[in-house]
Amino acid sequence: KAKETSRAGFIAYNAQLGHDYVQHIHLKKRLKTAIQDKTFVNYYQPKVNLATRAIASGEVLIRWRDKHGKFVPPSDFIPIAERTGMINEVGHLVHDNICNDLNLIRNFNRCNHVLAINASVHELRDPNYVDHLLDCTQACGLPPKQFEIEVTESTFLDEDYITHNNLKRLQKQGFSLALDDFGTGYSSLSYLKKIQFDTIKIDRSFVQNIHLCPKNREITTSLIKLFHTMGCKVVAEGVEDIAEAHVLRDLDCDFAQGFLYAKPMGINQYTQYLDCSPLPPPPFFYEI
Ligand code: C2E
Ligand code: MG
Ligand code: MG
Ligand code: MG
């Protein structure tokens, strides 16, 4: 923050800056304790097959339960975890939890259920990233094909050798790769030539009001065609409205994810939710 406001090495001190700094230090301390105490929970959000309404996979979204029992959203702590390097440890905790949870899901007769894990730029720059993931999955007896790793376009902003190596290794080991938040990353498209993604997730900003907004519809139509030509499956993110889902289905989009179907939920609710697959025809409301 200070860097942004500095000119020629001078930082104009103001009360807000001081306040932000104190908040930052405070949060950093609490995050450190949270990692030690492992007070993170994995939440899960289903991805729905638009043609069959089956749920074949879900995404893990981390939640931090603070000492008052309140949930701190990832947008509040992931950036700080990234800046301080603590994201690697946070990621490891997610991996540990996800393997236990996937075994639980498999006990409920969902043997082929796939779970997607978010990996930030910083995690992928860690040379031990793949080894840790493999240790976890092997310890739980889970095959890599039941996991998908979601990366964002920012992963490719600078050509990092370790990152590229990690992505290639993940694929070689049998993990699927997904490109998250497509269209928001200010990145060139050249990385699409280097990595063959299994799935591309079109960002919510293009999906929102697609039934009302011709521009969103035009962009999404072309993107789906392009990605299908490239052999990728397409997920629409942030589907909130049944009308959006209908347009996406008519455009041949493969999967949808969003509050229309379910908000992210704890593992027990998630296994119950999976019992509803394939979802009944719309209007469909699932209350937990
Ligand atoms: P993401 O991977 O793009 O995840 C989608 C986000 O959109 C989630 O927010 C989800 O709750 C939210 N969402 C889903 N459907 C809808 C909808 O219909 N409408 C709206 N308005 N939002 C919807 P969440 O859980 O707060 O996560 C935010 C971001 O934090 C994620 O974006 C991801 O980049 C990051 N994140 C979450 N969990 C992890 C993790 O375990 N590791 C890492 N490195 N990053 C994570
Ligand atoms: Mg994601
Ligand atoms: Mg996303
Ligand atoms: Mg995102």
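The values are calculated or read from the model by the stated rules, or taken from the named source; none is laboratory data. Note that this is a predicted model, so its numbers are computed, not measured. A quick note on method: Cβ atoms are made from the backbone with ideal geometry, for glycine too, and the neighbour counts reach across all protein chains shown. Ligands, DNA and RNA are excluded from the accessible area calculation, which covers all protein heavy atoms including side chains. Shrake-Rupley method; radii C 1.70, N 1.55, O 1.52, S 1.80 Å.
Here is how the numbers come out for the structure above:
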item	result
12 Å beta-carbon shell around residue 128, net charge (K/R +1, D/E -1)	-3
Fraction of accessible area attributable to carbon and sulfur, region 198-288 (%, probe 1.4 Å)	54
Only Lys, Arg (+1) and Asp, Glu (-1) charged, at Cβ; the chain dipole about Cα centre in debye	360
Stretch gain in nm, segment residue 25-residue 229, where the contour uses 0.36 nm per residue and the Cα spacing is subtracted	68.6 nm
Cα gyration tensor shape for region 18-62, rounded if a/c is under 1.5, else prolate or oblate	oblate
Extreme residue, positive dipole direction of the chain, given options 259, 62, 39 (C-beta unit charges)	39
Tilt relative to the chain, helix 161-173 - C-alpha long axis, 0 to 90 degrees, to 10	30
Unit charges on C-beta of K, R, D, E only; dipole of region 137-252, Debye	500
Label-to-label distance, nm, for residues given as residue 246 and residue 38 (7 Å Cα→Cβ offset)	4.8
Contact order normalised by residue count of the chain, Cα under 8 Å, 6+ apart, percent	19
Pairs from 47/215; 70/201; 38/263; 32/263; 233/263; 47/201 whose Cα-Cα separation, in the structure shown, is over 19 Å	47/215; 70/201; 38/263; 32/263; 233/263
In nm, spacing of pseudo-spin labels at residue 222 and residue 54 (7 Å Cα→C-beta vector)	3.4
Prolate/oblate/rounded label for region 44-182 (Cα gyration tensor, a/c 1.5)	rounded
Å² of accessible area per residue within the chain, as computed with a 1.4 Å probe and no ligands counted	52
Along the chain, longest interval not containing exposed chymotrypsin sites (Phe, Trp or Tyr not before Pro), exposed being DSSP loop plus at most 15 other Cβ atoms within 10 Å	14-107
Rounded if a/c under 1.5, otherwise prolate or oblate - the chain, Cα gyration tensor axes	rounded
